[in-house]
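Peer 1: Before anything else, here's the structure in question.
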């Protein structure tokens, strides 16, 4: 088995586009690839596939590339990280995964309600945001992520 993979082989094996591999390399997320002597083509050591899998999985969990870089910096610089190394990095992700699950469940419930009623009733619609009242809770889709609904926000204004 060959010790190094071309960028196209790495892309095929990892399921990540070659352009993303170049970007990960530029950001320092994967080790600098060796260049072959002839055409100076990228050649990745086979263990890079594990790092790429880690990057892809960490992104699905919700980590930013900066966070992923910080996590990968905790690994030994050379060689293949052990199962214990990977386990140590992912140990704190449980809470983040639970948050994502809760967010997706709210999204599912909200979509079912909207599709079920068909009228997008402004009295209970999580998409409605009269006078941009949700802005006081911060950026993003505040009602979708669990902040008080417009009716609850109105009640707190009167309270």
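Peer 1: Looking for whichever is modelled with pLDDT of 85 or more and on the phi > 0 side of the Ramachandran plot here; the options are 118, 62. Which one fits?
Peer 2: Answer to the selection: 62.
Peer 1: Right, something else. Output the number of residues of the stretch 53-74 satisfying the condition of being assigned to a loop (DSSP other than H, G, I, E, B) and either loosely packed, with under 15 Cβ neighbours inside 10 Å or without any contact (Cβ under 8 Å) to a residue 24 or more places away in the chain (or both).
Peer 2: Residues that pass the stated criteria total 4.
The values are calculated or read from the model by the stated rules, or taken from the named source; none is laboratory data. Everything quoted here is computed from the prediction, not taken from an experiment. All Cβ positions, glycine included, derive from the backbone under ideal geometry; neighbour counts span all protein chains shown.
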